[in-house]
Amino acid sequence: MAVVKRQPLSRRRILEAAVRFVDREGLEALSMRKLGSELGVEAMSLYNHVPNKDALLDGMVEVLLGELEVPSEDEGWERRVREAYQAFRRLAHEHPNVFPLLVVRPPDTLDGIWLVEEFLKTLRGAGFDPETSLYAFRALSSYASGYAMAEIRGFAMEPSGARVGAATLPAGDFPYIHELEAPLREVDHEAEFEFGLDLILAGLKERL
């Protein structure tokens, strides 16, 4: 009978297992004990590679950022920025249970800092000054993370789950919301996201 060799524990293996677990079970279900069970080890074994749960959560952010597709430098600044934030939004769809960590735990790892450096390099190369480049990074990141969070949690007035849809509101009291009843039933979130990107990028182009 062949003996199956157990895969040794490593920090990376633990972090990837944590992402898979949360993808499946949700962030609230995550504990070191359950993660150890997932990996076939005692929870104490995890602490040899990840000192505490905070470090585990930060590491999960690192894993997600590692999946982010960074566009080539050969593309123009506008296209590179646009594609980077499109990829960021895709992370929310691929990991809706893990993605909120990117919002509440800003990345302090070298991977995260490298992405900021790439963004700043792209805008500085396009001719923006340092301060405008910083403002642009924070404006775009706030918009993209906020939109993606609202999208995976569910927008207000859209008739999904137990939310109040526009059709349920009295037309006399909420005439402008009520006239959006049909559009809100079938919102094209991708087009809406692009609309917001267009507004910000158009404003940036004016700065040049």
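What follows draws every value from the coordinates through simple rules; no lab data is involved. No experiment lies behind these values; they were computed from the predicted model shown. Positions of Cβ are backbone-derived with ideal geometry, glycine not excepted, and every protein chain shown enters the neighbour counts.
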The chain, helix-only ellipticity at 222 nm - DSSP H runs n ≥ 4, -39,500 (n - 2.57), divided by all residues, nearest 500: -20000 deg cm²/dmol
Simple Cβ-charge dipole of region 7-51, Lys/Arg +1 and Asp/Glu -1, about Cα centre, in debye nearest 20: 140 debye
Exposed chymotrypsin sites (Phe, Trp or Tyr not before Pro) absent - longest run of the chain, DSSP non-H/G/I/E/B, at most 16 other C-beta within 10 Å: 48-154
Under 5 Å between amide H atoms, partner at least 5 residues away or on a different chain: which partners does Met157 have, H built in plane at 1.01 Å? Val164
Just add up the charged neighbours of Pro130: K/R +1, D/E -1, any other residue whose Cβ is under 14 Å from the Cβ of Pro130. +1
Least to most buried among Arg11, Arg24, Arg80 (fewest other Cβ within 10 Å first): Arg24, Arg11, Arg80
Linear extension gain, Lys205 paired with His178, 0.36 nm per residue minus alpha-carbon span: 6.2 nm
For the chain, set up a Gaussian network in which alpha carbons nearer than 10 Å are linked by springs, and say which option among Val104, Val81, Val19 fluctuates the most. Val104
Using the Kyte-Doolittle scale, find the helices of the chain whose mean hydropathy is at least 0.5 and whose Cα atoms extend 18 Å or more along the helix's long axis, counting only whole DSSP H runs. 53-67
Does region 7-51 come out rounded, prolate or oblate, given a ≥ b ≥ c as the square roots of the eigenvalues of its C-alpha gyration tensor, rounded meaning a/c under 1.5 and, failing that, prolate meaning a/b above b/c? prolate
When the charge dipole of the chain is computed with +1 at the Cβ of Lys and Arg and -1 at the Cβ of Asp and Glu, the Cα pointing farthest to the positive end, of Val103, Val187, Met32, is that of Met32
Two-decimal Rg/Rh of the chain from alpha-carbon positions, Kirkwood Rh? 1.07
Nearest 20 debye, what's the magnitude of the dipole of the chain about its Cα centre given +1 on Lys and Arg Cβ and -1 on Asp and Glu Cβ? 1000 debye
